[in-house]
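Only one structure is covered here, and it is reproduced in the block below.
Please treat every number below as a calculation from the coordinates, not as lab data. Just so it is clear, the structure is predicted and the values come from calculations on it, not from any experiment. When we count neighbours, we look across all protein chains shown, and the Cβ atoms used for this are built from the backbone with ideal geometry, even at glycine.
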Amino acid sequence: MRIRACVLVVASFLAGGPITAQEVPTSLSLEDALEIARTTNPSFLQTRNDEALADWDVRQAWGALMPSASATGGLSWQGSGDTQLSGSLNLSDLGFGDQPSFYGSSYFLGLNYSLNWATILGPKQSKAQRRVTLAGIGVAEANLVSGVTTAYVELLRQQDAVRLAELQLQNSEFNLRLARGQLEVGQVTPIDVGQAEIQVGRNEVSVLQTRNRLTTSRMRLLQLLGLPVDREFEATTTFELSEPTWDLEMLSALAIEDNPELKRRRLSARSADVGVSSAWSAYMPSMSISTGWSGFTRQASSADLSISQAELRVASTISQCISTNNLYARLTPPLPSIDCAQFVFTDAMRQDILSGNNQFPFNFTGSPPSLRLSVSIPIFSGLSRQRNLEAARLQADDVREQVREQELTVQADLAIGLANVRTAYESALLEERNRVLAEQQVTLARERYQLGAITFVELVDAQTIFAQAEADRIGAIFAYHDSVTNLEALVGTSLRF
């Protein structure tokens, strides 16, 4: 048996957005719908973005094994005036009054390298967590595939429901014409014609309601695809009612390997084991190495004060030299005098002072480089390390139990799902047989009604039974496909194609 997709209004999809109208066919198969959903479904795209963040977490973990570098620089300015040193002592008290303003600049370049057990395990842990993230994306994709498939099957179900409702309307209109013809020859009463008209009205209401349900299912499918709901298309995929030949052992083997949630939990268990190893880092020593280079400049706005101080120092030296010579002359015998003329403030000295003051902003005076190595060995931390380690172990145990729980759930759901599929298949075969019998009864009832052997009510009853048999057949077939969809979600792979 093949469920044929009825043709809806064929139109183009929206020309804007992530997928343009030229990229989306006006006839939509299930494979096309799944591909569109993977690229435009907002919820799935949000989940898929986690992969990029997980990649950066891995890069960051590797970067933590590299030394860190920093560079700082600054500018400073100090206004002119007297400066208080401490208490009531000022620079003017020391003979350094009328200080000019000063400009300054500085820089610092530093390297630091820290290493501990947690940092060493960082790449391994981040890779394990990345695999968990990718498995979570796989779970989201599997849920999306299941949801889109269910919505697509529901659309086909409603299409067949519209076909059946329109067929019932055609039959009721035929019965109305037949009743009017029978009334003209006196074989029926006006009551039969009235009942036929009522039946036509009821079927018109049924067609209106089933078309609305079809529109609703189409909108829900477009919502899952991440597209505007006002777009119309033709569903082209057909689903065959085939006997389920899978056995529980084969499905269990597939599910053990491909069930998305089971994959995610297993990878979470591996990540939790790495977390236990990382918790041991609190007991391990850590090492840190740092070094740095720095420099500074300091330039006065005016060098007059420095020149004056240099001149005063030279004058003081000359005065001391004269006093020394006087002392030498009084000695017996007198000592040779010192040539005081050698002490003089020259233009070269003035120029040296001016050149030495010309530092701002890049004529740095370098500071001696430094290097520091430190090793830290934890001894006691208030039992926090023991608590964190035990918490990591318990979390790993919990995740392993979650894996076992998921395995039991998958096995039970597979057994139940396979039984549901087989039951749905047998039910569909029985409903098909019931439909054939009901169709034969309708044909016989119409012939007898034309001969006047039965009343119009009996004819309508036969047609109602046939309509119900057709509806039950369609319902059974789609119940089979719903069961297969649920089974595919458990197995983690397609079983129909």
Self-check item: Within the chain, helix-based [θ] at 222 nm, where runs of 4 or more DSSP H residues each add -39,500 (n - 2.57), nearest 500
Solution: -22000 deg cm²/dmol
Quiz prompt | Using distinct alpha-carbon pairs, which all enter the 1/r mean, Kirkwood radius of the stretch 359-483 in Å | solution = 22.8 Å
Quiz item: Using only Cα atoms, what Kirkwood radius does the stretch 224-381 have, in angstroms?
Solution: 27.8 Å
Exercise. Scan the chain and note any complete DSSP helix (H) whose C-alpha atoms cover at least 24 Å along its axis and whose Kyte-Doolittle average is 0.5 or more.
Key: 456-491
Quiz item: For Asp339, Asp55, Asp32, Asp192, what ranking results if the residue with the fewest other Cβ atoms within 10 Å of its Cβ goes first?
Solution: Asp339, Asp55, Asp32, Asp192
Quiz item: If amide H atoms are built 1.01 Å from N in the plane of the peptide, which residues on other chains or at least 5 residues away come under 5 Å of the amide H of Leu28?
Solution: Glu234, Ala235, Thr236
Self-check item: Binned Cα-Cα distance frequencies in the stretch 232-298 - 5 Å width, integer %
Solution: 3, 9, 8, 8, 9, 9, 8, 8, 7, 6, 5, 4, 4, 4, 3, 2, 1, 1, 0
Self-check item: Solution diffusion estimate, µm²/s, Stokes-Einstein, the chain, Kirkwood Rh from C-alpha pairs, 4 °C, viscosity 1.567 mPa s
Solution: 39 µm²/s
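Could you list Trp117, Trp62 so that the one with the fewest beta carbons within 10 Å of its beta carbon is first and the one with the most is last? The partial results should precede the final answer.
Details: Trp117 17, Trp62 12.
In order of increasing Cβ crowding within 10 Å: Trp62, Trp117.
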Quiz item: Based on the Cβ-Cβ distance of Leu335 and Ser306, what FRET efficiency does E = 1/(1 + (r/R0)^6) give at R0 = 30 Å, to the nearest 0.05?
Solution: 0.30
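Of Leu155, Leu178, Leu354, how do they rank once you tally other Cβ atoms within 10 Å and put the fewest first? Before the final figure, lay out each step's value.
Values: Leu155 27, Leu178 19, Leu354 12.
Ordered from fewest to most neighbouring Cβ atoms within 10 Å, Leu155, Leu178, Leu354 come out as Leu354, Leu178, Leu155.
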Exercise. Calculate the all-directions average of the projected area of the stretch 150-301's alpha-carbon convex hull, and give it in nm².
Key: 27.8 nm²
